[in-house]
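The structure under discussion appears below in the form of structure tokens.
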Amino acid sequence: MSSPLQPHETERLRALEQTVREGLRDFRRTGQALSEIRDNDFFDLPTRPSRPTYKSAGTSRLRRRSG
């Protein structure tokens, strides 16, 4: 069994619980906003996913030592 919380621990626990509740509320609001964006077609999808391109300068950064 655990012992009762000290007053400062109880206060901290309440603050942490409030943080969790606020985070959950924000998470839900974010999900609702994303759903609305999707449902109302407020965006354009590219024809294919954009990916970063890495252009080579023609030489490798690692070079073998001659000799």
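Across region 19-32, computed HN-Hα scalar couplings (Karplus, 6.51 cos²θ - 1.76 cosθ + 1.60, θ = phi - 60°) run 4, 5, 4, 5, x, 5, 4, 5, 4, 5, 4, 5, x, 5 Hz from first to last residue, x flagging Gly and Pro. The Cβ shell under 11 Å around ARG29 holds other residues with a net charge of -1, Lys and Arg each +1, Asp and Glu each -1. Kindly identify region 1-40 as rounded, prolate or oblate by the Cα gyration tensor criterion: order the square roots of the eigenvalues as a ≥ b ≥ c, call it rounded if a/c is under 1.5, otherwise compare a/b with b/c, prolate if a/b is larger, else oblate. Prolate, because a/c is 1.5 or more and a/b exceeds b/c. Spin-label model, ARG28 to SER3: label points 7 Å out along the Cα-to-beta-carbon direction sit 3.8 nm apart.
Each reported figure results from applying straightforward, stated rules to the coordinates on display, with no laboratory input. This is a predicted model, so every value here is computed, not measured. Because the Cβ atoms are built from the backbone with ideal geometry, glycine has one as well, and the counts that use them run over all protein chains shown.
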